[in-house]
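I have placed the structure first, in the form of structure tokens, so that the comments after it can refer back to it.
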């Protein structure tokens, strides 16, 4: 697997529990953009984006060459990014022209990417950041343990002291480098057998604990796009805990669903094209904002984005622009 939002795995090699995590994560991302409330920030932002970076580390392959990493990430991240930013930018220009709000500066900010890109490109930063983070992590993985540890510690300090400044770099280059921290966490979790298959009681306790911490606001939420990594170290630890909870919950759900039947195949299909939902959903949210209740905007954006993505899966070219091999 080379894309942690979608996947290149064949059906026979897929893990249903990880597909469930992808689907849950995408739903949370759409909800986070649909609702602009303190509760959403408290309950979703500490984990809903970090989970995808952690998943990238969880699925990390140590024996892949740097050139192979770059080629895979280009095919599964850069190609979808380029295609959808071109399509949505054209639609945005038409939309702005019709309502008389066309601004060339908005177009330039979109091309600059990262934190400068606003709706309907709210989530595009993540794709470029994952590309940079994956390639950077591959470079770091080839270093000796001492150098690797020193650089990771330097990234940790930078995320605490200068995260917002680093996030202003074009195409989220800086954020991608800092998000290597979450890839490191994901790889650590994969290597810790106790965490890959957590006990149900441990998962239940951890879920209740995290809900209490997040809901109370005791731990500041994260906003990786803007370089806010929350309370130093603890914000990353909390995201790791949330991922462990998701592993436990998705593992239990996958056992109930089983490997047979249409439900499992639909989860696989939804997970396969989830990158499309991440890139598309903000456009219908922007168009519908103020025209319908928030819950209606959320459901409409989620369903429309997934329907478009599932339709694209039927064609070879469509799969290419969804990052699916």
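Note on residue 104 and residue 63: the extension gain reaches 10.3 nm, defined as 0.36 nm multiplied by sequence separation minus the Cα-Cα distance. Using a ≥ b ≥ c from the Cα gyration tensor of the range 102-246 (square roots of the eigenvalues), is it rounded, prolate or oblate, where a/c under 1.5 gives rounded and otherwise the larger of a/b and b/c decides, a/b for prolate? The shape class here is oblate.
Exposure proxy for 223, 62: other Cβ atoms within 10 Å of each Cβ, ordered fewest to most, give 62, 223.
Here the translational diffusion coefficient of the range 99-173 follows from Stokes-Einstein with Rh set to the Kirkwood radius across Cα pairs; for 37 °C and 0.692 mPa s it amounts to 233 µm²/s.
Shape analysis of the chain yields a ratio of the Cα radius of gyration to the Kirkwood radius, Rg/Rh, of 0.95.
Think of it as helices only: each DSSP H run of n ≥ 4 in the chain is worth -39500 (n - 2.57), and spread over all residues that comes to -21000 deg cm²/dmol at 222 nm.
Restricting the calculation to Cα atoms, the range 205-323 yields a radius of gyration followed by a Dmax of 17.8, 48 Å. In this rough spin-label picture, where each label sits 7 Å from Cα along the Cβ direction, the residue 71-residue 228 distance is 4.2 nm. Length gained on full extension, residue 191 to residue 316, computed as 0.36 nm times the residue gap minus the Cα-Cα distance: 41.5 nm. When the chain is treated as a Gaussian network with alpha carbon springs shorter than 10 Å, the biggest mean-square fluctuation among 210, 302, 218 belongs to 218.
Read-outs: derived from the displayed coordinates by stated rules, not from any lab. Just so you know, these numbers come straight off a predicted model, no measurement behind them. No Cβ is skipped: glycine too gets one built from the backbone with ideal geometry, and neighbour counts run over all protein chains shown.
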